[in-house]
Amino acid sequence: MRVALAADHGGVQLRDELLNRLADTGHELIDLGGDGADPTDDYPDFARRLALAIRDGVADRGILVCGSGIGASVAANKVRGIRAAVAHDTYSAHQGVEHDDLNVLCLGGRVIGVEPAVECARAFLGASFSGAERHARRVAKVLAIEAEESRAG
Ligand code: RB5
């Protein structure tokens, strides 16, 4: 799988740790920045960059890190086709994919330690959408909201 990673200044340290620690997963890791040089950089810029990479087929999934994970998830979810959420526990990280077809894992660099973050990322990357009828029906309803809203302009 091609996995894009991006972070604002609040998440860059954890993002760098993840790049190192996930190198053995066999996934292609794509670093989309930032470099943390600017302590006033804005999470929507990195969320947008990563979300568009998935929307445009450059990456299959993403891991987005900001201070809390919250702003990153709010911003990424504005892009069509993105299903992003903060998951700081392994159950949510894999169940989000299995039930909800999560494609972006958001993490808070100021909230979660490196070890649990790595475990969450591994749980997220190791999971697949179940395809069960009830899960597919629910995801289809989520996509219907998205389509309806984009028609409403
Ligand atoms: C940046 O200081 C911080 O607000 C941001 O990384 C994030 O936590 C927002 O949700």
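Condition first: in a strand (DSSP E or B) and among the β-branched types (Val, Ile, Thr). Can you find one or more residues in the stretch 120-143 that meet it? There is no residue in the stretch 120-143 that is in a strand (DSSP E or B) and among the β-branched types (Val, Ile, Thr). Is there any pair with a first residue in the stretch 128-142 that is more than 17 Å from ARG80 (Cα to Cα) and a second that is not in a helix (DSSP H, G or I) whose Cβ atoms are under 8 Å apart and which are 6 or more apart or on different chains, and what are they? Between residues of the stretch 128-142 that are more than 17 Å from ARG80 (Cα to Cα) and residues that are not in a helix (DSSP H, G or I), the close pairs are PHE129/ASP101; HIS135/ASP101; HIS135/PHE129. Residue pairs whose Cβ atoms lie under 6 Å apart, sitting 6 or more positions apart in sequence or on different chains, and linking a residue in the stretch 12-38 that is at pLDDT below 95 to a partner that is among the aliphatic types (A, V, I, L, M) and not in a helix (DSSP H, G or I), do not occur here.
Test of understanding: among GLY62, GLY67, GLY81, which residue is more than 10 Å from the ligand (Cβ to nearest atom) and either in contact with a Lys or Arg (Cβ under 7 Å, 6 or more places away or on another chain) or charged (D, E, K, R) (or both)?
Details: GLY62 fails: either in contact with a Lys or Arg (Cβ under 7 Å, 6 or more places away or on another chain) or charged (D, E, K, R) (or both); GLY67 fails: more than 10 Å from the ligand (Cβ to nearest atom).
Among GLY62, GLY67, GLY81, only GLY81 is more than 10 Å from the ligand (Cβ to nearest atom) and either in contact with a Lys or Arg (Cβ under 7 Å, 6 or more places away or on another chain) or charged (D, E, K, R) (or both).
For ALA76, the criteria (1) more than 11 Å from the chain's Cα centre (by Cα); (2) more than 11 Å from the ligand (Cβ to nearest atom); (3) crowded, with 18+ Cβ neighbours inside 10 Å hold in every case but one, which is (1). For the stretch 144-151, the criterion of being more than 23 Å from ARG55 (Cβ to Cβ) and acidic (Asp, Glu) is satisfied by no residue at all.
Quick check on the stretch 1-47: of everything there that is of a type in the set (S, T, N, Q) and assigned to a helix (DSSP H, G or I), which residue is least open to solvent (accessible area, probe 1.4 Å)?
Of the stretch 1-47, the ones of a type in the set (S, T, N, Q) are 13, 20, 25, 40.
From the residues that got through so far, the ones that are assigned to a helix (DSSP H, G or I) too are 13, 20, 25.
On the way: GLN13: 155, ASN20: 116, THR25: 42 Å².
This residue is THR25.
The values are calculated or read from the model by the stated rules, or taken from the named source; none is laboratory data. The structure displayed is predicted, hence computed values, not measured ones. Positions of Cβ are generated from backbone atoms using ideal geometry, with glycine treated the same way; all protein chains shown enter the neighbour counts. Accessible surface areas use protein heavy atoms only, side chains included; no ligands, DNA or RNA. Shrake-Rupley method; radii C 1.70, N 1.55, O 1.52, S 1.80 Å.
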